[in-house]
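The structure under discussion appears below in the form of structure tokens.
The values are calculated or read from the model by the stated rules, or taken from the named source; none is laboratory data. Note that this is a predicted model, so its numbers are computed, not measured. Cβ placement follows ideal geometry from the backbone for every residue including glycine, while neighbour counts extend to all protein chains displayed.
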Amino acid sequence: MSERRACGLLGMWRSSCRYQSKPDRNQDLREKLVELAHERPRFGYRRLGVLLARQGAPVNHKRLFRVYRQAGLSVKRNRRKKLVRVGVSRPVLTAPNAEWSLDFVSDGLAGGRAIRVLTIVDNFTRECLALEADSSFSGERVTRILDRVIERRGRPRAIRMDNGPELTSRRFMSWCIDRKITANYIQPGKPVQNAYASHCTSLERSGMID
């Protein structure tokens with residue numbers, strides 16, 4: 001029986017019948033990669049490829065990555081450690097300026113433009129010390145507003161606030177250190193630990209306070 005007829009009866013391509021396995025062309029490359037990976041365990045495939053090129057054996061990056069993965073040499077990535085802030089327990093307040101609350105409340109204008117309102121409240125007297133509205137705030141802008149309040153009110157011993165970028169910037173933290181003010185950060189995802197400022201802003205918007 002001819003090859004054509006036999007392959008037709010079996011439903012097989014003649015090219016598949018004639019195929020002969022080829023020797024592994026990547027064996028030498030795999031051995032070199034394993035050797036270099038043992039010498040440089042934290043190197044990825046690109047940096048190993050640079051070492052191969054320095055040895056006079058440049059390899060296409062696609063082939064290099066395929067052999068690198070087949071050899072099981074993938075480097076485990078170290079995840080970036082996140083700063084975990086532990087909320088400070090609410091102290092017993094006995095006098096004004098013992099602790100202020102600082103928070104931002106978002107709102108929108110009739111034209112659709114978003115605004116933010118910076119609220120500063122004395123947690124002992126529940127007095128709203130400042131309400132500042134703008135489209136955005138920087139850490140330096142917040143410190144300027146606080147300086148104006150301190151000029152007429154006095155310096156607080158501590159400020160309670162969330163973990164926003166304006167309040168965790170180096171500019172703001174250095175300002176607290178220079179004025180010897182303790183920064184009491186609340187736990188992320190628990191705004192109820194700093195509810196005084198948000199409550200004051202909601203009363204202002206409803207017209208209950210002037």
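Points worth noting:
- Residue in region 43-60 that is outside the structural domain of Met161 (by TED's automatic domain parsing), under 30 Å from Phe124 (Cα atoms) and modelled with pLDDT of 85 or more present: no
- Check on Ser106, surrounded by fewer than 16 Cβ atoms within 10 Å (Cβ to Cβ) and farther than 22 Å from Arg90 by Cβ: yes
- Candidate set from region 170-191 (those that are under 24 Å from the mean Cα position of the chain (by Cα) and surrounded by fewer than 12 Cβ atoms within 10 Å (Cβ to Cβ)); member that is modelled with the highest pLDDT: Arg170
- Restricting region 109-139 to residues that are of a type in the set (A, V, I, L, M, F, W, C) and at pLDDT below 85, the residue that is nearest to Ile150 (Cα to Cα): Leu109
- Long-range neighbours under 7 Å by Cβ, at least six apart or interchain, first residue under 20 Å from Pro191 (Cβ atoms) within region 148-174, second surrounded by fewer than 17 Cβ atoms within 10 Å (Cβ to Cβ): Ala158/Thr182; Asp162/Pro191; Asn163/Arg85; Asn163/Pro188; Glu166/Ser138
- Any hit, region 14-35, residues being surrounded by 10 or more Cβ atoms within 10 Å (Cβ to Cβ) and over 20 Å from Ala71 (Cβ atoms): yes
- Selection from region 98-134 of residues that are over 15 Å from Ala195 (Cβ atoms), among the small types (Gly, Ala, Ser) and touching a strand residue (DSSP E or B) at 6+ places or on another chain (Cβ under 6 Å): Ser106, Gly108, Ala114, Ala130, Ala133
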